[in-house]
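One structure is given below, encoded as structure tokens.
Where a number appears in this text, it was derived from the coordinates with a stated rule and is not lab data. From a predicted model like this one, the values you see are computed outputs, not experimental measurements. Note: ideal-geometry Cβ built from the backbone for every residue, glycine included; neighbour counts use all protein chains shown.
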Amino acid sequence: MKKFIHILNCFVFAVATLTIMGIFYQGIERQWFDIVYIFILTSEGAFILSTIVNLIFCRKIKVIRIFSIVSLAMIIAAFIPKFMGVTEYPAIISVILYFYAWFYYGLMLSKKWCDK
């Protein structure tokens with residue numbers, strides 16, 4: 001299971017990186033690229049899945065537990081407005097989410113906390 005978690009964390013980091021790169025490139029080019037939408041959906045889905053998996057299997061490691069609880073709070077905070085019918089989000093929320101995922105999973109890969 002540790003190998004699967006490591007692969008999943010690598011995947012989240014890679015997709016978060018692609019999403020940040022895609023959004024940045026869109027801003028430079030000032031046009032919408034459909035592939036970035038796929039990166040966004042994949043990144044969000046993988047982030048949710050990885051948060052759940054890390055909460056279940058790596059909860060004994062304090063740092064992962066704290067980051068996973070923060071991630072879960074961010075996921076819940078993102079879903080509440082959707083259920084209330086809010087469709088417009090400030091752009092800064094997306095920036096914070098993607099950079100948080102990028103930072104957190106980059107840290108996970110560099111430290112390999114779940115391998116302990």
task: Add +1 for every Lys or Arg and -1 for every Asp or Glu among the other residues with Cβ under 14 Å from the Cβ of Phe11, and state the total.
output: 0
query: Using a simple charge model, +1 on the beta-carbon of Lys and Arg, -1 on the beta-carbon of Asp and Glu, nothing else, what dipole does segment 2-115 show about its Cα centre, in debye to the nearest 20?
result: 700 debye
query: Once the dipole of the chain is set up with Lys and Arg at +1 and Asp and Glu at -1 on Cβ about the Cα centre, which of Trp102, Met1, Met84 lies farthest towards its positive end?
result: Met1
Label-point separation in nm, Ile52 to Ala73, each point 7 Å along Cα→Cβ: 2.2 nm
query: Summing +1 for each Lys or Arg and -1 for each Asp or Glu, what net charge is found among the other residues whose Cβ lies under 15 Å from the Cβ of Val36?
result: -2
field: Lysine pair number, Cα distance threshold 16 Å (strictly under), the chain, separation 8 or more or different chains
entry: 13
- request: Report, please, the projected area of the chain averaged over directions, based on the convex hull of its C-alpha atoms, in nm².
  value: 7.4 nm²
query: Mean separation of Cα pairs under 8 Å and 6+ residues apart, divided by the residue count of segment 2-115: what relative contact order is that in percent?
result: 42 percent
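Between Arg59 and Arg30, what is 0.36 nm times their sequence separation minus the Cα-Cα distance? Round to one decimal in nm. Intermediate values should be presented prior to the final figure.
On the way: separation 29, 0.36 × 29 = 10.44 nm, distance 4.22 nm.
Gain on extension, Arg59 to Arg30, equals 6.2 nm.
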